[in-house]
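Here's the structure we're looking at; comments come further down.
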Amino acid sequence: MSSLNSPNIILYTTQTPNGNKASILLEELGIPYRVYKHDFAARTHKEPWYLDVNPNGKIPAITDVFRDGKEIHIWESGNVLKYLVEQYDPTFKLWYPHGTRENYELFSWLFFQVSGVGPFQGQATHFLRHAPERIPYALDRYHNETRRLYSVLEKQLSQKMKGYIVGDKFTIVDIAFWSLAATTPWAGLDLDEFPAVKEWYERLLQRPSIRKGMNVPEPHGVIALAGDKDGELTKKFEEFHRKWVLDGMGIDAQALEVQSNRK
């Protein structure tokens, strides 16, 4: 196992829900780490050196020195969470032992987050904030499906006496869902519709690891906009993100066209 006494971990991230998952967990575990902040507008996440770390050119990713003494690259947010607890949480503070009922339940909820809530909420955000034109079908489709997925989480939390998603303690599943819940206003959702989720969200917001990790590598944009009464900061934030999203889509489309023509 890598040594906890030396900062072998580099976290490649920027201010996104998926990036927050990794930084919150690292803070929760008290693991020393260094941060490389990607600049999506400058497309540093598509540079060849980073594609050697994450072939998909997304964040988060981490590099670490594995137990064999060689560097290892871990990417996809769910796998980053899984790797970190398997390597650095031998007492199961934030997960459950292999083969237990709770372990299987935990990974069912984690996969539900990364394959369901995350992608649908991301598309709800895209068509609300980034798309150059309003497409009612897309807005309704992704908004309503995201609400349905949160209703699944609402039912689960409303039944949990201890107030956590799996078992009786705070786990990596709470980290994963919390990071998405923090940006629900940006996707046009209101947590008032889900009282158990809202209570859980606000309670976890007071957790030191969350308050620190959510601001890596910079202050949490969506939470900071909560006090934007006149909407000016929100408009600028939206315009900035729309530009790099649409510019990036255009560049990726051109690259695919070039690749196709070479065949």
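Here, each number is a calculation from the coordinates, and none is a lab measurement. What you see is a predicted model; the values in this text were computed from it and never measured. Using ideal geometry, Cβ is built from the backbone for each residue, glycine included, and neighbour counts are taken over all protein chains shown.
Figures for the structure shown
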| quantity | calculated |
| --- | --- |
| Of Glu218, Glu145, Glu133, the one that fluctuates the most in a GNM where the chain has Cα springs shorter than 10 Å | Glu133 |
| Within a Gaussian network of the chain (alpha carbon springs, distance under 10 Å), most fluctuating of Leu81, Leu11, Leu139 | Leu139 |
| Anisotropy class of the chain from Cα gyration tensor, a/c 1.5 cut | oblate |
| Magnitude of the charge dipole, segment 163-224, Cβ model with Lys/Arg +1 and Asp/Glu -1, debye to 20 | 300 |
| For segment 1-136: rounded, prolate or oblate by the Cα gyration tensor [a/c cutoff 1.5] | oblate |
| Estimated dipole of segment 117-257 in Debye, rounded to 20 [Cβ of Lys and Arg +1, of Asp and Glu -1, Cα centre] | 520 |
| 10 °C / 1.306 mPa s Stokes-Einstein diffusion coefficient of segment 78-158, Kirkwood radius on C-alpha pairs, µm²/s | 108 |
| Of Thr183, Thr146, Thr91, the one that fluctuates the most in a GNM where the chain has Cα springs shorter than 10 Å | Thr91 |
| Cα-Cα separations in segment 9-88 greater than 18 Å, expressed as whole percent | 34 |
| Relative contact order %, segment 9-88, counting alpha carbon pairs below 8 Å whose residues are six or more apart | 33 |
| Cα-centre dipole for the chain with unit charges at Cβ (Lys and Arg positive, Asp and Glu negative), debye to 20 | 140 |
| Relative contact order for the chain, counting Cα pairs under 8 Å that sit 6 or more residues apart, in percent | 22 |
| Entries in Lys37/Lys212; Lys58/Lys198; Lys46/Lys263 that, when Cα-Cα distance is taken, lie over 20 Å | Lys58/Lys198; Lys46/Lys263 |
| Spherically averaged projected area of segment 191-263 from its Cα convex hull (nm²) | 8.1 |
| Mean-position separation - Cα centroids, segment 32-110 and segment 153-194, in angstrom | 21 |
